[in-house]
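The values are calculated or read from the model by the stated rules, or taken from the named source; none is laboratory data. Since we're looking at a predicted model, the values are computed, not measured. Counting neighbours? That spans all protein chains shown, and the Cβs are built from the backbone with ideal geometry, glycine included. The protein model used for the area step is the full one, side chains on, heavy atoms only, and it has no ligands, DNA or RNA in it. Shrake-Rupley method; radii C 1.70, N 1.55, O 1.52, S 1.80 Å.
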Amino acid sequence: MKQYYPNPKLKKICERTQYKKHPKWPKRKWVRRILFIIGPIVGVMFYLNISKQKPLIELDEDYVNTMDVITGFGMGILALIPYMVYWKVLEGSCVTDSRDRENDTLVITDEEIKYIYHPSYKSNRVLFTEFQIKFEDITKIIYNTYNNRVDIYGKQKEIYYRDFTTGEIARVADIDDANETIRLYLYFEENEEILKILQERSTAETKIIDYPAE
């Protein structure tokens, strides 16, 4: 049996960049560009409009010009709000479950793989989830070099711990489905060794792809 732990630097990079590798992100690039361009256009148009208007009272010309620039700049910033909102909404829809995993550990024995982690959206720190799959039950392995992850297909066991420190289990589910998936993001210390073991101990075919996938 051997345990594998995340490389903190690799995991941080994964969590920060995975949403940009979602297929939806490059497809919506044109929307983000249009919304971003609107900001400067609105700012310039507003500046040109107010700079043509004559003040109601006599003011210093430099002061008026400065205020016109500040006002135009401010309106340009306000016009960027839709861009910023859209960016966050799109990021939320593209973000992967890599951000949902804390204190994760991969355990590989001669017979099976165990993947254990704490769901980060759970406030109770002792709640953990464990996925188990035997090498003989693996039906397919897809290694996505673009997303830097590997999907392991096959029937598996899911264990939900009420308290991982004491081993108290809340629920166990046996998933008898060849299309069920365990997804591993390759931010571990020994990624190459993990992939090698998967290929050697499983009789399933390993398919390698290099394009954005959900």
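Laid out as a table, the results:
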| read-out | value |
| --- | --- |
| Every residue from segment 82-109 that is acidic (D, E), within 20 Å of E189 (Cα to Cα) and touching a residue at least 60 places away in the same chain (Cβ under 8 Å) | D97, D104 |
| Of the criteria (1) of a type in the set (A, V, I, L, M, F, W, C); (2) at pLDDT 95 or above; (3) within 23 Å of A204 (Cα to Cα), which one F128 fails | (3) |
| Filter pass, A178 being in contact with a Lys or Arg (Cβ under 8 Å, 6 or more places away or on another chain), in a strand (DSSP E or B) and surrounded by fewer than 14 Cβ atoms within 10 Å (Cβ to Cβ) | no |
| Residue that is surrounded by the most Cβ atoms within 10 Å (Cβ to Cβ), among those in segment 181-214 that are under 18 Å from H22 (Cβ atoms) and either more than 19 Å from the chain's Cα centre (by Cα) or among the β-branched types (V, I, T) (or both) | T181 |
| Cβ pairs under 8 Å, 6+ apart, first in segment 2-14 and open to solvent by less than 80 Å² (accessible area, probe 1.4 Å), second in a helix (DSSP H, G or I) and polar (S, T, N, Q) | K11/S98; C14/S98 |
